[in-house]
There are 2 protein chains.
Amino acid sequence: MIVDCHGHYTTAPRELEDHRQKQIAGLKDPKLSPGKANLNISDDQIRDSLESAQLKLQRERGTDITIFSPRASGMGHHIGDAQTSEHWSEACNELIHRVCMLYPQNFVGVCQLPQSPGVRPQNCIPELERCVKEYGFIGCNLNPDPSGGHWSEPPLTDRWWYPLYEKMVELDVPAMVHVSMACNPCFHTTGSHYINGDTTAFMQFLTSDLFKDFPTLKFIIPHGGGAVPYHWGRYRGIAQDMKRPPLKELLLNNVYFDTCVYHQPGIDLLLKVIPADNILFASEMVGAVRGIDPQTGHYYDDTKRYIDANTSLGAGDKQKIFEGNARKVFSRFKGR
Amino acid sequence: MIVDCHGHYTTAPRELEDHRQKQIAGLKDPKLSPGKANLNISDDQIRDSLESAQLKLQRERGTDITIFSPRASGMGHHIGDAQTSEHWSEACNELIHRVCMLYPQNFVGVCQLPQSPGVRPQNCIPELERCVKEYGFIGCNLNPDPSGGHWSEPPLTDRWWYPLYEKMVELDVPAMVHVSMACNPCFHTTGSHYINGDTTAFMQFLTSDLFKDFPTLKFIIPHGGGAVPYHWGRYRGIAQDMKRPPLKELLLNNVYFDTCVYHQPGIDLLLKVIPADNILFASEMVGAVRGIDPQTGHYYDDTKRYIDANTSLGAGDKQKIFEGNARKVFSRFKGR
C-alpha cells in the first residue's frame, strides 16, 4: 500500500470559495454573512471535483490512499477573528469528512485548525477533538504563523502552544507544520512562505527542549523539510556549536519530513541525508506545481517516480517511506 | 587562485562591539554616544584578530583571497534610525578597508549599507560610492529585510529599490543578498533567518521583470541559495505554471549562488543542479558554523574539500567556481 501523507482539497467545488468570500464580506457587513446552511455542495459535485483530479492521479501513479486536508493556502488564519476561523474551519473540515465518507478507500482526513493571530491555541481543541472523535480524522495541520507572513506568534516551542500539544498527545495525533497564504508581499505563498515556514519550524525545534516535555509529540515538516536536508551539515554544526545533542537524538524521534520535492536530485539528497525512518511519502497533488517537467515528460509532483528511481535505498527502506512510517506517525491510521 | 566570495569580519577586535553598544546606549541617552574618534583599534589588534583565524584558515585550506565584509549579523539595520546605520556602517566599512590595506593579498572589500527600515534605499548611495571609489571595494551586501525578521520592506523587485540598483549598475558592483540578525523570536539568525532570506529573494526575482529593467544587475544569493537548489524542480515548475520564461533565461544572467553548504551531499546537489557558470566558491569562514564535523574530521565550513571531492564536475568547471565566476561577477576585482 502506498500512502500519500500530504494532499489538500485544492479542487473543492467553487461553492466553497464563494462561501468564504461571503464570509469575508460579512466581516464588514454582517448582512452579507452566509448562514452555515447555505453551503450547498452535492455529493456529485464532490465526486466530480475528485474523479478527474486526485483520484485520477492516484490511479495513474499507483498510489492508494491520501491523507487529506483542506487547502492549506485557503486556511487564511489572518482573516477576521477567532470566530471567523472557527466557522471556516468547520466548513472545510466537514467537506473533508464528506470526501472521506464517499471514498473511504482513497482518503483519510486531517483537519484544519481554527487558529487566529494572538488567540491562544487551546481555542483549537474543540475542533480538533470533534474531527478526531466524530469524523475519525488522524491528524491536524498546525500553522506556525497565523499572521500570514508577519511571524507575530511565539515560536512553536513556546509554552503558548502547550495546551494544544497536550491534547494532541492525548488523542495521539501528529501535526503537519504548514503555513497558509502569505499576505506579506515579500513572500510568495508556495514558493517562499511555505518553504520558509518549514525551515523556521525545524530551527525552533532544534533550539528547544520541547521533546523533553512531550516525548511522544510528532510533527511532519512538509515540502521535504524546507531547506533543512540540503543544509543538514549546517544544522548538525549549529546544534554542535550550541552544545545540543546530535540531531538524531534531539529531534528524530519526533520530527519527520515528507517527500514533496519535485526533482530527482532533491529526492536523492533527502533519501541520502535523512534516515529512512523519518521520511513519509507525499506528493501534495493537486498542489503547488501542476505542470509536466519537460526534462522528464512527467508531472513535477509525481514524487513516487523519483523514489522508485532512487538507487541508494533498498526495498525495505522504501516500504517504510511509502507506508510503514505513515502508519507509525499517524497511529490512528488503521489502513483500509 | 582560489577566491572565497563570502567572508565577514566576525573576529573584529572587541572594541568594535563596545563602540556599537555605546552607540545603542546613545540612542536613549545622547551623552553616552561615542564620538567617531573614539573607536581606537590598532593595526596590531587587526593583525591579531585575523592571523589566528581567517588568515590561518586560508593557509590551511589553500584558499587565496577572501571577498570580505563587515559581520552580517552585526549590521543590525533595525536598530535606531538612518543616522545610526550611517555611523555604524561607516565605522564597519572603514575597518574592512584597513584590513584590506594591511593584507592586500588576502582580502578585498565589500561594504555594509546604511539601510534602515522604511528609509529609501537611495540613502545608501553615498556610502556605497565612498567605499567603491575611495576604498576600492568591489560590491555590497544588500539586506532585503532591514526590519530584522518582520519583512516590512517592499520586495527587492519593487521600484523602491531602483535608485540603488541604478548606482550599482553605474559602478558595476554586485550585491550579495544578506539579511542581518533576527530580532523576531520566531527566527534563529543563522539557522532560519539567513536561509529564509535567500529563498525569499530568489522567489521575488522569479516573479518579476527586474532583470528586464536592469539587464546587467547582479546578485549573489549566499548560503548555497537557501532552499532553492534543493527545490529546483519546484521553482522550475512554479515558473512554468506562471508562464514565466525558463529559469536559465529569466534569472541566470543575473543571479548567482555561493557554496556555503556544509556537507558533501548538499554541495553535490548544488553542483549538479545549478550551472557551473552560476556558482561562486565561498565558505563564510569564520562564520555560522565553527566546529569540526565528527563524520569527516574536518571543519563543516571547509567547503573547498567538498568541491574538491565532488566527482561530477570537471576541472574547468571547478576553476570557474573557484575563480573565474568571481572575476566575472565582481568585475572590479582585478586579482592580485
Shape category assigned to segment A:215-283 from the gyration tensor of Cα positions, a/c cut at 1.5: oblate
For chain A, built as a Gaussian network whose Cα springs stay under 10 Å, the top-fluctuating residue of A:V255, A:V119, A:V99: A:V119
28 Å Cα-Cα reach of B:K320 towards lysines, excluding residues that sit fewer than 8 places from it in its own chain: A:K272, B:K56, B:K133, B:K167, B:K212, B:K218, B:K248, B:K272, B:K304, B:K328, B:K334
For segment B:296-304, 3J(HN,Hα) per residue [Karplus equation, 6.51 cos²θ - 1.76 cosθ + 1.60, θ = phi - 60°, Hz, x = Gly/Pro]: 10, x, 10, 4, 3, 8, 7, 6, 4
Nearby lysines by direct alpha-carbon distance to B:K22 (threshold 21 angstrom, same-chain neighbours under 8 apart not counted): B:K31, B:K36
Gap separating the Cα centres of segment A:251-308 and segment A:132-170, nearest whole Å: 24 Å
Charge dipole (debye, nearest 20) of segment B:261-336; +1 at Cβ of Lys and Arg, -1 at Cβ of Asp and Glu: 440 debye
Overall form of the protein assembly as shown per C-alpha gyration tensor (a/c, 1.5; a/b vs b/c): prolate
Interface area, A with B, accessible, probe 1.4 Å, both sides summed, Å² nearest 100: 4400 Å²
Protein accessible area in segment A:158-220, 1.4 Å probe - carbon and sulfur %: 52 percent
Rounded Å value of the spacing that divides the Cα centres of segment A:100-118 and segment B:22-50: 57 Å
GNM flexibility winner over chain A from A:P185, A:P114, A:P174 (Cα, springs under 10 Å): A:P185
Long-range HN-HN contacts of B:L280 with modeled amide H, under 5 Å: B:F257, B:D258, B:T259
Relative contact order [Cα under 8 Å, 6+ residues apart], segment A:85-237, whole percent: 19 percent
Residue with peak Gaussian network fluctuation, chain B [Cα springs, cutoff 10 Å], from B:V110, B:V173, B:V273: B:V273
A:A53 long-range amide H proximity, modeled H, under 5 Å: none
Share, in percent, of DSSP beta bridges within the protein assembly as shown that are antiparallel, nearest 5: 10 percent
Bridge type composition, chain A - antiparallel percent by DSSP, nearest 5: 10 percent
Residue list for segment A:159-188, given a label point 7 angstrom along the Cα-to-Cβ vector of A:D209 and an amide N cut-off under 15 Å: A:159
Per residue solvent-accessible surface (Å²) - the protein assembly as shown, probe of 1.4 Å: 35 Å²
Accessible-area composition of segment B:21-96, carbon plus sulfur, in percent [1.4 Å probe]: 48 percent
Copy-to-copy label separations for A:T11, where each label sits 7 Å from Cα toward Cβ, in nm and ascending: 5.9
Amide H contacts of B:L142 (H built 1.01 Å from N, under 5 Å, at least 5 apart or other chain): B:M176, B:V177, B:H178
Straight-distance crosslink candidates among aspartates and glutamates, where the alpha carbon sits under 15 Å from A:K28 and sequence neighbours closer than 8 are dropped: A:D81
Formal net charge of residues neighbouring A:W160 (Cβ-Cβ distance under 10 Å; K, R +1; D, E -1): 0
Dipole magnitude of the protein assembly as shown, debye to nearest 20 (Cβ charges: Lys/Arg +1, Asp/Glu -1, about Cα centre): 520 debye
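The values are calculated or read from the model by the stated rules, or taken from the named source; none is laboratory data. Note that this is a predicted model, so its numbers are computed, not measured. Cβ: placed from backbone, ideal geometry, glycine included. Neighbour counts: every protein chain shown. Note: areas computed on protein heavy atoms with side chains; ligands, DNA, RNA excluded. Shrake-Rupley method; radii C 1.70, N 1.55, O 1.52, S 1.80 Å.
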